[in-house]
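Following: one structure in C-alpha cells, then a few remarks.
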Amino acid sequence: MSKLGSFAFVLHTHLPYSRNAGRWPHGEEWLFEAACETYIPLVEMLRSLPEGLPAGLTMSLTPVLLEQLASPEVIAGTLDYIDDRTRRAGRDASRFESLGDPEGAALARFYQDWYDGRGRFLRDVAQGDLVGALRDLESRGLIESISSGATHGYLPLLSRDSSIYAQVRAGVETHRRHMRTSPDGFWLPECAYRGADTSADPRRPGLEEFLEAAGVSFFFVESHAVEGGSPAIDRRSLPEFYLVHGQGAPGAPAPVSPTGHTTARPYYVADSNVVAIARNRRLSMQVWSADLGYPGDATYREFHKKDSVSGMQYWAISGPGIDLGDKRRYQPGTARERVESHARHFAGEVVAELSRQSEVYGERAFVTAVFDTELFGHWWFEGVDWLAAVLRLLGEDERVDVIPVREALRRHPPESAIELPTSSWGTGGDDRTWNNGLTQEMWQTLHQCEVMAERVAARVPMSRRPFVLQALRELLLAQSSDWPFLMTTGQAASYGRRRFETHVERFRLLARLAQAEAIQAAEWEYLRDVQSRDELFAALDPEWFCERQGSAR
C-alpha cells in the first residue's frame, strides 16, 4: 500500500503566569485545573500507548508554564485541588444515595475514582515532578518539545528589538534548562508573525531572524498566512473560549489557494534557513468548529453546568441550544462510544486530506492539525481519550506516517521560500484582538518601559544586579499577550488589566531603585517580596535587554 504522506499533531501548551496571583475566579486554579484535567491525563495516555505505536506529538511548552509546573508550590496546590475534588465527589455519592438517586451516586463514584487516579499518578508515578514526566516522554520519542516566547509576549507589537530578542532568548534558555534539550521549533505566541520592517529607521528584522539567531529551525503560522484568502475567526473570541465558527468547514473540497501555496508543504521564510509550517484548517476545524466540531456532541460532558452543592459536572451537552436547566445526566459509557466514532471519522479525514492535497499538488503531502493542549481533558473532558484513539487508528494505517514535525521536515524538506504577511490567528487574522481601543494605553506604557529597560540593562552595578534582574522579569511578565487578550474578550478584563498594571508598577519601581544612589532596608525587603512572588527565569541576563534596534543578534 503506497504512502499518502505524513501527519503531525501539534499541541500548544500555555497558561499565563498565575502563581501567587490570586485564586477563584481567576489565578492559580487555572494551573491546578489544567494540570489535573489535561497535563496529567495526557502524560498517562502517552505512557500507556502500545509499544512501537508511532505517536510523536509535537508539543510547544511555553517557558512561563514550565517554570510554574516545576514549582513545588504549584504541585502541592495541584494535589490539594485533586484531593478536594475527590472528597467532593465522595460526599456527592453519599448525598445522591440518600436522595434515592443511584445513577447520580454511580456518576459521583466515577469522578471520585477518576480524580483519585490523577492524584496517585502525580504522587506515586511522577513523584511530584510533572516536568520530569514530560522529559521522560520526550526521551521515549512520544513527544517532541518545542519552545515559545518567555511569557508568550505578542512579538510584532513590541517596539524594541531588544524585547523580541529577550523574549526569544529567555524562552529558549528556559526550555533548555527544564527539558534538557535545545528546541528545534518555536511557537510564535498567538501565531503572530511580522516580517522585516524596511520602512523603519533602522530596518527592523523579521521574526525569523531572531529565531535563526537562537538556533531555531521552524515555527508555525496560521493557514491564511500561507494560503492567502480570508483568515479564520479567532477561536477564542466567544464565551465558550475554545469552540467557534470557522471557515474551511469539514466536508468541503480541498481548495487551491489564491497564492498557489499550500499548508501541505513547508517553506523557508524570506532568505533565512528557518521554516514556516501552517496548520491545516480543514482538519483543525473538525474540532474547533462550533457547528461541526466533535466537542459539541450531545453525549459529551457539559462544561458550564455545575452541581449547586459541590460544583461537580454531572450533565451532558444534550444538544444544540438546550438551556442549562434542561441538560440530561452525563453517561461516561455512552461518551466513550462516541469518542471511538469521532476518532474513526477524524482518522478517515486525515487520509482523505492527504489524498486530496497530493492530487492537487502532485506529491506526498505533509499536514498538521494544531490545537491548544488545554482543550483536551479540561474543556473537552473526553478529548484525551479521543487523541489516544486517533493515534492508535492512524498508527495502524500504512498509508500515513504519524511523526513529529522535526522528522516530517527531514522527509519533506522545503523546496522554496515564501514572504509571509503580518498575521496572527486572532480575529481578522491581524493584531486587532490584542491592539485596539481597549488596549492601546497598555501598549504605549509597554513601549515606554522597553526603552527604560534598555537604559537599566546597559548599566548594572553588581550591588544593584538583583534589582535589575527582577525588574526585567517584571517587564517580561507585563508583556504577556494574555493580558490584552483577556481585556479585549471581556472574559476577565479587570483581572487582565490588574495583572498588567501590577507587573508594570513593579518594573518601574525596581528599575528606579536599580539606579538610586542609596537603597534602604525596606527597599531590599520589597525586592525579596517581589522575588518570592515572581520567581522565574533563573538564567536571565541583562545583556539580552540591551539596545540592539535593527539587529536580531
Check whether at least one residue in the range 507-527 is in contact (Cβ under 8 Å) with a residue 12 or more places away in the chain and among the polar types (S, T, N, Q), and report yes or no. yes
Evaluation of ARG506 against (1) closer than 23 Å to PRO16 by Cα; (2) at pLDDT below 95; (3) of a type outside the set (Asp, Glu) (one fails), failing number: (2)
Restricting the search to the range 294-320, which residues are among the small types (Gly, Ala, Ser) and either at pLDDT below 90 or farther than 24 Å from GLU337 by Cα (or both)? SER308, SER310, GLY311
Of residues in the range 164-183 being of a type outside the set (Val, Ile, Thr) and in contact with a Leu (Cβ under 8 Å, 6 or more places away or on another chain), the one surrounded by the most Cβ atoms within 10 Å (Cβ to Cβ): ALA166
Contacts under 7 angstrom Cβ, first residue in the range 13-28 being more than 13 Å from TRP483 (Cβ to Cβ), partner modelled with pLDDT of 90 or more and part of a loop (DSSP other than H, G, I, E, B), 6 or more apart: THR13/THR62; HIS14/THR62; HIS14/HIS152; ARG19/SER71; GLY27/SER18; GLU28/SER18; GLU28/ARG19
Here are some residues: SER494, SER416, SER463. Which one is more than 26 Å from THR174 (Cβ to Cβ), assigned by TED's automatic domain parsing to the domain that holds THR198 and among the small types (Gly, Ala, Ser)? SER416
Show the residue pairs that are 6+ apart or on different chains and have beta-carbon atoms under 6 Å apart, the first residue being within the range 440-454 and in a helix (DSSP H, G or I), the second being at pLDDT 95 or above and among the hydroxyl-bearing types (Ser, Thr, Tyr). HIS447/SER159; GLU450/SER159; GLU450/SER163; GLU454/SER162
Can you pull out every residue in the range 23-57 that is in contact with a helix residue (DSSP H, G or I) (Cβ under 7 Å, 6 or more places away or on another chain), within 21 Å of GLY490 (Cα to Cα) and at pLDDT below 90? ARG23, HIS26
LEU69 vs. criteria of a type outside the set (Val, Ile, Thr), more than 18 Å from TRP386 (Cα to Cα) and in contact with a Leu (Cβ under 6 Å, 6 or more places away or on another chain): yes
SER2 surrounded by fewer than 18 Cβ atoms within 10 Å (Cβ to Cβ), hydroxyl-bearing (Ser, Thr, Tyr) and not in a helix (DSSP H, G or I): yes
Residue count, the range 184-193 (criterion: surrounded by fewer than 23 Cβ atoms within 10 Å (Cβ to Cβ) and at negative phi): 1
Looking at the range 408-453, which of the residues that are charged (D, E, K, R) and buried (at least 18 other Cβ atoms within 10 Å of the Cβ) is modelled with the highest pLDDT? GLU450
Might you check whether a residue that is part of a loop (DSSP other than H, G, I, E, B) and within 22 Å of MET59 (Cβ to Cβ) occurs anywhere in the range 382-395? yes
Out of LEU99, LEU122, I need the residue that is among the hydrophobic types (A, V, I, L, M, F, W, C) and touching a Gly at 6+ places or on another chain (Cβ under 8 Å). Which one? LEU122
Looking only at the range 309-329, and only at residues there that are within 28 Å of the chain's Cα centre (by Cα) and buried (at least 17 other Cβ atoms within 10 Å of the Cβ), the one that is nearest to SER284 (Cα to Cα): ILE317
Residue ID - modelled with the highest pLDDT, chosen from residues in the range 249-282 that are farther than 16 Å from VAL405 by Cα and among the aliphatic types (A, V, I, L, M): VAL269
Hey, among the residues in the range 149-202 that are under 19 Å from the mean Cα position of the chain (by Cα) and in a strand (DSSP E or B), which one's nearest to PHE485 (Cα to Cα)? GLY153
Being hydrophobic (A, V, I, L, M, F, W, C) and more than 25 Å from THR427 (Cα to Cα) is the filter; apply it to the range 212-226 and report the residue that is surrounded by the fewest Cβ atoms within 10 Å (Cβ to Cβ). ALA213
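The values are calculated or read from the model by the stated rules, or taken from the named source; none is laboratory data. This structure is a prediction, so every number in the text was calculated from the model and none was measured. When we count neighbours, we look across all protein chains shown, and the Cβ atoms used for this are built from the backbone with ideal geometry, even at glycine.
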